[in-house]
Structure formats: C-alpha cells, structure tokens
Amino acid sequence: MSDFVKMTINDIELKARKGQTVLEVAEENGIYIPRLCYLKGINNEGDCRVCVVDVDGQNGLKSSCKLEVYEGMKVNTGNEKVKSSVKNSLELLAANHSFECWACSREHNCEFLRLLRKNNVQNPLAEKQEHGRKERVIRDSSVSLVLDSGKCLLCGRCVSACHTYTGLDILSINKRGSDSIVESIDPISIDNSGCVYCGKCIQACPVGALTEKDGIMKVQEALNDPKKFVVIQPAPSVRVALAEEFGYPVGTNVEGKMYRAFDELGFDDIGDVNWSADLTIIEEGYEFIDRLQNGGVFPMFTSCSPGWIRYIEGYEAEYLPSLSSAKSPHMMQGAMTKQYYAPKMNIKPEDVFVVSVMPCIAKKFEIERPEMQSHGHRDVDAVITTRELARMIKYNEINFRDLEELKPKGQLSQFTGAANIFGATGGVMEAALRTVVEVLEGKSFDEVEYKMVRGTEEIKEATLNVHGIDVNVAVVHGVRAIKEFFEILKSGEKQYHFVEFMGCIGGCVNGGGQPITLPETYEKNDFIELRSKALYDEDKDMALRKSHKNRAVMVTYEEFLEKPNSHRAHEMLHTHYKNREYLKESK
Amino acid sequence: MITLAKLMKIKEKTLNEVGDKFNKNIELNSLEIRDKLRNAGVINPLSIEEYIARDGYLGALKASQMKQTDIIQEMKKSGLRGRGGAGFPTGLKWQFAHDANADQKYIIMNADEGIPGDYMDRIIMESDPHSVIEGMLIAGMAIGATKGFIYLRIEYPKCKVVLEKAIKDAYELGILGSPLFNTDFKFDIELRIGAGAYICGEETALIESIEGMKGQPRNKPPFPVTEGLYGKPTVVNNVETLCIVPQIIQKGGHWYHKIGNPETPGTKIHTISGKVKRPGYYELPTGMPIKTILEQVAGGMANGSDFKAVLFSGPSGGFLKKDELFRRTGFDTLAKNGVQMGAGGLIVLDESNDIVSLCRSFMKFNMKESCGRCTPCREGTVRIYELLKKIESGMGTDKDLIQLEDLSYYMINSAFCGLGQSAPNPVLSGLDKFRNEFQNKLYNFGEGK
C-alpha cells in the first residue's frame, strides 16, 4: 500500500502523506487556511471552527485541523460557504470581545485582530444595543497572572498549553454553553490553585485575555517621584529576546541598546542581574563546597528559578532541605543595591526603588514573598517582564532601533561570561562548575566550557571527577521533566550531588515573560536554540568567564560581605522556603 | 448459571401463579401494534419471572447458540434502524464494532432521553426493563463485548428503581455476571445516572460523561464503533432500538422487515402531545400517513382547536402544515420533506400557538443545553435567541430576519455536533412555512401600504 494519497485542494492536484490533516497539507502547499484555536503541538481540538473547509460529498463543513486526508478527497478552502462560515464565526466571537485594543498588551501581535482584518469582518451583532453581552469577569487577584473573560475567545489554547507543558492542569474551561469561562481550579484565586507561574498560557493566548499582572504603573509612578532613586536591573536572558519586539531576527543581542533605553526612560541608575549572577555562583558554589566538605544534604538543588521553587514547595516539599538557601540573583542584587551600593553613594535604602526586568512572571510572585527583605526594606520593588519593558519603550515613543549603545559604569553592572549563560538551561550549572572546580582543585584552568550540560535535552546528566571525588550533576528544565526527574530520584537508582532546575523548557530564554510571537513565526524558528546561542556567543567573547574573577563582586566581599556564606551574606543573600503542599491537595 | 430448563421451570411456575392475567385485553386503537410494548401493562415490570413467562430471554438463548456473524446478519436482514433519531442501520453499526480488533468492547444503552415531548424510552424502561437488558446481552454477544452501561437521565427516578431491580434480578438468576446458557459468554451491566445535561444524549458526549469527564462531544471520526468508551470499540444504541432486538432474533429478521415502511422497517413509538383529543404514546407501524396518526389514533383536534401545524422532534425538528399531512413516517421519507423524524415525538399546534414564540422558546432550550465547545453553537444559539426575542417583541427589522436566516444556515453547516447542527431547524422550518408570522411582527410592518 502506498503511503501517499492523491487529493485536490481548490482543484489543485496534490500528493499528501497518509495521516496528515488537510490543514497541514494546505500549509505545505502554500494554501492559507485561517485558524484560531489550532496551535501546533499544543492545541488541536477543532473547536473554533475558523479553519473549516468544504469537502466534496460530506455534509456540513469540517475543521481542517482535525480532518485527515484520504484518497480522492476533494477539498475547497475558499468557496462562498466556507467564507461566510468563517466570517460568521469571527462576527460571533467579535460580538462578545471587549475591544480595548489601544490599551491591550497584545495590540501589536493580536491574532484575532489580524483575522478580523484579513476576513473583512464588521461587528454587526455587537452594534445592536439589545444584544446582551456576556458578563465580563476579570480575575486579577493573583500577583502574577490576570484572566480577562471579556477578551477571551474560549479557544482553549491556554488550557492545552498548561496541560502540555506542566501536566498540572491548573486551567480549565468551567461551566457550560455561553457561560463557559476559563478559570483555574480554584476560580477565585490562581495563587491557591497550585500554579507554578510558568506563563506558557499567556504565550499560548491569541489575544490579551491572559496577561502578566501589570508592573508598568508602579514603575512609572516611581519614575515620576523625584524623591525616588530608581534603579533598573535586567536578567541575563532579556537582552537576547527584547529585540524581537522591535522586528529584529530571533536571537539578536541588543544589550547596549537596552541600556540606552533604560537611560532614556529616566532610570537613575542601571544595574545588571548578571553582576549578581556572578555573586550567586560564589554563594551557591561555596555552599556546595561546604556541603561537600562538611557532610551536608545531597543532592543540592539550585534555587534561581521561582517557578521551580513554587513547584518544589507545592509538590515535593520533602526535598526542601536539598534546595540551596541562596536567593535568586535579582533578589540578591536588589538587597545589595539597597544595603550596600546606595549607601555608598549616600542614598538611603528607603529612597531606592529597584525594578527588575525579567523573562518571567513567577518573579512577580517571588518579590512578594514576605521573607524577601533586608532590614525592613523590600529587596526588589517591582518586576516587569521583557514584554512590559518593550511596551514601556514604545509608550515613551523611543525609537529603539536607532538607539546608540551604552555601557553602564556602575559597580553592580559589571559581569563575567559565567553570568551571561545563566539565561539558558545548563548555564547555572556550567557557571558553578567553572568556579567550584577551580576552588576545589586550587588552580586555574583555561578550558571553561562544560559542553555536556549544554543543549535542550530535558534531563542532562554528567559525572565529573573534581579533586578526587566523582561528582554527579544533572540539569533539568520544564515542569514535565522535573516531574520525571523526581521519579528517577525517588527510585534511588543514582545519587546526585548537584542538580540545576529551571521551571521553563530551555531555561529563562524561553520564560513566560518573554516576547510573544505569532504561531507561524514560532513554528519556523527554534527560539530556545537561537536565544541561547546569543548568550553563549557573548560569553565566548568575554575576557573574563569565571564568576570568581569578577572584580566588582570580589570588591563587595572585601568592603561589605567579608567572605562567601558569611553571617552578613546569609542575612542579605540567603532565604528559607515553605512547605506549600496544601497547593497539591487543593487540586 | 441459567439454562433453558431453568427458564422453562420459571415460566411454568409463573404461568400457574398469574392465572389469566396475561390474557386480559388492553384497549388499543385498531391501528396500533404492540411489538416493542408487548409487555407494557401486561407484566409486572418488577418481576423477572413474569418477563420469562412471556418468553423472555429466549432471544438471548437463541443468540447464544448462533455465530456472531449470524446474529449481525439477522439484524441486517431486519433492516432495523436506530430509533434515537439518526436512523443508522443497527446491523451495520454492530458489524463495524464486531470487525474492530480490541481486547475489550462495550455496549452502551443511551437512555438519556431529553427532547421535550418525547417519553417513549421511559415507557419501555418502566414497563418492560428486561427487554432492554436482553437486547444489550444480544448486542454484547454479537460484537464480543462483555460489559454494558446504561446511561439513564437523572430525571427518570422511576426508571432507575425499575432498572436497578431488573439488573439485580438478572444477576441473581445468573443471566448477568455468569456464563450464559452453557457458553463461556459473561456479560455485566452497570447503571450510570446522568447529571441533567441534554448534550449527554449525544453518543460521544455520553461516553465522555461515563468516563467521568465533562459532557462534551468528541470529534468524529474516529467513531465510537472503533474508538469509543476508554478508547475501545463501543456500540451506543437507543432504548427503543435495543428493546426489539430479542424479538428480531427470536422471530427472525424477515418477520421484522415485513412491518411498516420498507426504508424504516418496523414500528415506531410516537408520543403525541399538544392540542389533540387523546395525547399519549402509541406504537405504530412506520409508513403511516401523519393525518391518520393525528385523526384516527390521537382522535383529532381537541374541542375548539383549529389545526395549525405539527412539530416533529421538538427543539431540533420541523413543522408540517395541513397540506403536508399526507406524508408518511419513516426517516428518509420525512427527511425528503425537510423534517427530521427524530425520536418520534409529535407536538400538535393550533391557531393559538405562535410560531415565533415557539421557536424562541426552543432556541432558549438549545442555548441552555449547548455545551459551549464550538463557536457556532455556543455563540450562535445566544444570538439567534436574542434575534427571535427582538422580533417577538415587535422591534425586529428586515435585516434581523436576514441575519436570523444567515446564522441558522451557518450553524447547520459549521456546528460541531448534532445539537448545534439541528438547533436552528425549527427556525428555518418556521421561516419556510410561516414566514408571514415573522414578518407581521417586524417593526412598523405594513404601515404605509
């Protein structure tokens, strides 16, 4: 039997592979079929009925995303019946949609708006006053996520994304009929539903129904307040993703322009979380060495990813002692900015306002944790995502592409290549190894690249002989892989010493706060690969590539922190965790 | 374990006990046939012995001695078509499930009868519960399923009691749960109660519901006969379909095929409500002119009522006017005239009934019962309902009428499942046959003439 079938689409004769859907075949042959709820590899339910086609000999129209090809199939994608159906579907959806495009975070890449334009849809049903609208429910009590039913098209992509990426099934479409609404398991508060804030639902949303909790307003207020000394600090992975919001190819590093944009936006000082990434390595590295030499708890887990922290606290709390007590880099940076850097410039900690730019929405939750403070001052005051930063730049009518590059001079903005790679999966591990190996061996090595922990494989393992000890390390990213890894861990097959965890697949470069791209661009580019490569490239070009060689960090120890894991360092740079397994039970 | 000898013993004993109870005549109209309802009002539905005394479980006995393919062949010969509304040939359905290769197969009886005005399934289950259990047994033998589910709507508490008792008795007698008639075939039946959703009468939504999920239809294909309950081949049959199976096996496919309209052989139980003298349920051979049903069976219009139309299968059906009453019943025969026979419920309307208001009320039903999965049904039903409300209130415009028609055709073409695809039927049928009633209600209609 042949693996191919002959069929026609719009009278064009085509050869298609068995098992393919009509949508896939059409796409391969350059025939465009509009779609809404279909998201490759994530959602394929055929619910929105926007991708309908007319098939000869079949009653009614069929969703092409679900329809498998067969021998002799005759498909029409654009006759009057199809066109009018697509238009009707879009009109019906439009009638319930809250069009606030000017104020919507998805104004520039809204899939729905594009569909409406492309299909020349009017809004005849909403014009009529007597036509009822659905009650609009905005769930914004969460610190990280906002759900707006007024914009929701009930396509179900977020629900599928949650299922595909995390397997936690936090979101679902509740109620029925026209009362249907996307909610978390606990409809009132997503915070209590066991969500780890990976943000994949936001990125799957075709419109602005799911967004991060706004942080811009708080930042703008601080900028407008003359008494405030506002410091901004971007995460390592922000500089390699921000460019996409301004039309650059995926994986362009715009570090210099980003710094200039901070300056133009009116920030009083520019820090860089890369600095505290180096600091983290020192703290976490020495913690590891301490555990190794003094019989501490193994394995030791990294603690930079707040999504991962949320997961372990909520689902695997018995392993909490394994977690490194080090705060995540930007929290350390906030604490040091307020307690060390500002006082050096005669600025009082209470006048400092620290803003973090993060690829992540879980960071918004992290800064609200009560223990994230030093001497009564919140370590970080506001978190904005990469997307929000881009929006701020656009709101302020800054022409990003024309900006000249800037290199900040502040002490807390200097970093090594080890900090750069924090943004990619395996990066924290590699950076840690660069320092830990040298400290333990007591000598300096030229070779700094640990390629065995690089790459996008979901669970990476390696064994290194360091100073006579076989050290087993592992790198795990993405909630599904984390779940899998805990099964391996519990089976007791292998003893691990050091494990890096990231809540998102690919690490921070693919975080839930990174720019959203239209599905067709997303399908064509390997975003994780390209963004990570930009980080590794920058690392390669750096003169210093080991965290303990960062002078700006070492000076801090001399002037303020004394030594790694000192009492003062513990006070400012370390934290504790909480058993939140009630989240698991609440599900 | 049950055997023929045991059945015969029970029969003899019971016949002695009941005396001449079975010979008492039930008053019937001369046009009625009692095949499916042969036990209704005759036996005590709570007594398995009385069912056996009326030759119950002899069909299953016969089937147990037949090859699977022969059972299916017999069903095909009978020409029986599913009575749930779609009219799919039952033998063919069984054939598909039989041919599908799997370690486990299921039989589901769809007893989620939800169309307003329909209650034929309830009558069958309440009066003769063992006939459907036996039907399921035979279906199980034919396709090789060892487990059956009855999905009963929650609004039928009496059926629940009767079925529970019947299942319990069948287990105690060794008809269910033990090897049947010296074969190694064992069959189990579990009763599942719905939670009130009309959409769960759609077979794939019903399957989702049994699996413990939200009752929402699945995409087809794959059809349940290849991938149904828990991904296994599953036959979903309606109550009225299954209850006649034992008799078809016992008397042969040819016997059944000779009854009624050749394209829909056999009988149909019609439930007639509305403005007639004798509303109620009637088992009639198919192919009977509707005029005959209304006048001779239901006794004509109630006093003081003038016939306006008859509506088939409620919120997903269509109207027939006076000059169309010569049409005969049968799935294809009626479909040719744009009316779905559906499950056979008839609502008779007189001149006091308003078509627009009726359409509006049925659309409200569909709107409330839409699962909300696909855009056309979730949003379309709401908008059509609102348009009808507007027109009814006298504020409608010509454009509204066009939009009403447009949206209705759109739903028929693009909705996901049968509910959405048939929800606009009354509206379109109403617009086709009573357009003036819609137009007369438009704002300022006819002024200036």
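The values are calculated or read from the model by the stated rules, or taken from the named source; none is laboratory data. If you're wondering where the values come from, they're calculated on a predicted model, not measured in any experiment. We place every Cβ from the backbone using ideal geometry, glycine too, and count neighbours over all the protein chains shown. Ligands, DNA and RNA are excluded from the accessible area calculation, which covers all protein heavy atoms including side chains. Shrake-Rupley method; radii C 1.70, N 1.55, O 1.52, S 1.80 Å.
Over chain A, dividing the summed -39,500 (n - 2.57) contributions of all DSSP H runs of at least 4 residues by the number of residues returns a 222 nm mean residue ellipticity of -9500 deg cm²/dmol.
Computed packing ranks the peptides A:207-213, A:166-172 as A:207-213, A:166-172, most packed first, by mean other Cβ atoms within 10 Å.
Listed by number, the DSSP H helices of chain B that run 15 Å or longer by alpha-carbon position along their axis and have mean Kyte hydropathy of at least -1.0 are B:4-18, B:129-143, B:157-173, B:239-251, B:355-369, B:375-392, B:398-414. Put a plus charge on the Cβ of each Lys and Arg, a minus charge on the Cβ of each Asp and Glu, and nothing anywhere else: the dipole of region A:4-94 about its Cα centre is then about 80 debye. Kindly flag which residue pairs out of B:K275/B:K433; A:K62/A:K483; B:K13/B:K147; A:K490/A:K584 have an alpha-carbon separation exceeding 28 Å in this structure. Violating the 28 Å Cα-Cα cut-off are A:K62/A:K483; B:K13/B:K147.
Mean per-residue shielding of peptide B:214-221 is 3, counting Cβ atoms of other chains within 10 Å of each Cβ. Ligands, DNA and RNA excluded, the heavy atoms of B:Y119 present near 50 Å² of accessible surface to a 1.4 Å solvent probe. Which of the pairs B:K165/B:K214; A:K175/B:K220; A:K327/A:K563; A:K175/B:K93 have their Cα atoms more than 25 Å apart in this structure? Flagged as over cut-off: B:K165/B:K214; A:K175/B:K93. Think of each Lys and Arg Cβ as +1 and each Asp and Glu Cβ as -1; about the Cα centre, that makes the dipole of region A:97-212 roughly 460 debye. Roughly how large is the B-A contact in terms of buried accessible area, totalled over both chains, probe 1.4 Å, nearest 100 Å²? By this definition, chains B and A bury close to 2700 Å². Of the residues A:K578, A:K409, B:K13, B:K93, the one with the largest accessible area comes first in the ranking A:K409, B:K13, A:K578, B:K93, computed with a 1.4 Å probe on protein heavy atoms. Think of each Lys and Arg Cβ as +1 and each Asp and Glu Cβ as -1; about the Cα centre, that makes the dipole of region A:217-585 roughly 380 debye.
Could you tell me which of rounded, prolate or oblate describes region B:297-396, using a ≥ b ≥ c as the square roots of the eigenvalues of the alpha-carbon gyration tensor, with rounded for a/c under 1.5 and, failing that, prolate when a/b is larger than b/c and oblate otherwise? Since a/c reaches 1.5 but b/c is at least a/b, the shape of region B:297-396 is classed as oblate.
Once the Cα atoms are used to define both axes, helix A:255-265 deviates from the longest principal axis of chain A by about 90 degrees. Legend: residues in region A:176-210 shielded by at least 10 square angstrom of accessible surface upon adding the remaining protein chains to the isolated chain (1.4 Å probe, heavy atoms) are A:R176, A:G177, A:S178, A:S180. Over chain A, Cα pairs under 8 Å with separation of 6+ residues give a relative contact order of 16 percent.
When the Cα positions of A:N465, B:N444, B:T333 are compared along the charge dipole of the protein assembly as shown, B:T333 comes out farthest toward the positive end, with charges on each C-beta of Lys, Arg, Asp and Glu.
Compared with the dominant principal axis of the Cα atoms in chain A, helix A:427-441 is inclined by about 20°.
Directionally averaged projected area (region A:4-94, Cα convex hull): 5.7 nm². In loop segments of region B:317-375 as defined by DSSP, the chymotrypsin sites (Phe, Trp or Tyr not before Pro) with at most 15 further C-beta atoms inside 10 Å of their C-beta are B:F326.
In region A:475-569, a dipole from Cβ-located charges (positive for Lys and Arg, negative for Asp and Glu) runs towards its positive end, and of A:I505, A:I482, A:M554 it is A:M554 whose Cα lies farthest in that direction. Take each residue of peptide A:73-82, count the partner chain Cβ atoms within 10 Å of its Cβ, and average: the result is 1. For region A:97-212, the share of accessible area belonging to carbon and sulfur comes to 51 percent (1.4 Å probe, ligands and nucleic acids excluded). Given a 10 angstrom Cα cut-off, can you work out which residue in B:P289, B:P217, B:P424 is the most mobile in a GNM of chain B? Of B:P289, B:P217, B:P424, the most mobile in the Gaussian network model is B:P289.
Roll a 1.4 Å probe over the protein chains and send me the accessible area per residue for the protein assembly as shown in Å².
About 39 Å² of surface per residue is accessible.
Sorting B:E164, A:E283, A:E221, A:E255 by accessible area puts them as A:E221, B:E164, A:E255, A:E283; the probe is 1.4 Å, largest comes first, and only protein heavy atoms count. As a fraction of the 1.4 Å probe accessible area of chain B, surface on carbon and sulfur atoms comes out at 50 percent. Per-residue SASA remark: A:H574, around 20 Å² accessible (1.4 Å probe; ligands, DNA and RNA not included). When the Cα positions of A:I216, A:A362, A:Q122 are compared along the charge dipole of the protein assembly as shown, A:Q122 comes out farthest toward the positive end, with charges on each C-beta of Lys, Arg, Asp and Glu. Going by accessible surface with a 1.4 Å probe and the largest first, A:Y395, A:Y315, B:Y171 read A:Y395, B:Y171, A:Y315. What angle do you read, to the nearest 10 degrees and between 0 and 90, between the alpha-carbon axis of helix A:479-491 and the longest principal axis of chain A? Helix A:479-491 sits at roughly 60 degrees to that axis. Against the compact-protein benchmark of 2.2 N^0.38 Å, the Cα-based radius of gyration of the protein assembly as shown scales to 1.15.
From the helices alone, meaning DSSP H stretches of at least four residues, give me the mean residue ellipticity at 222 nm for chain B, per-run term -39500 (n - 2.57), in deg cm²/dmol to the nearest 500.
Roughly -12500 deg cm²/dmol at 222 nm, from the helical runs in chain B.
For a straight C-alpha distance cut-off of 25 angstrom, the lysines reachable from A:K227 (same-chain residues fewer than eight places away being disregarded) are A:K218, A:K338, A:K344, A:K348, A:K364, A:K409.
Other protein chain C-beta atoms within 10 Å of residue C-beta, averaged over A:85-92: 6.
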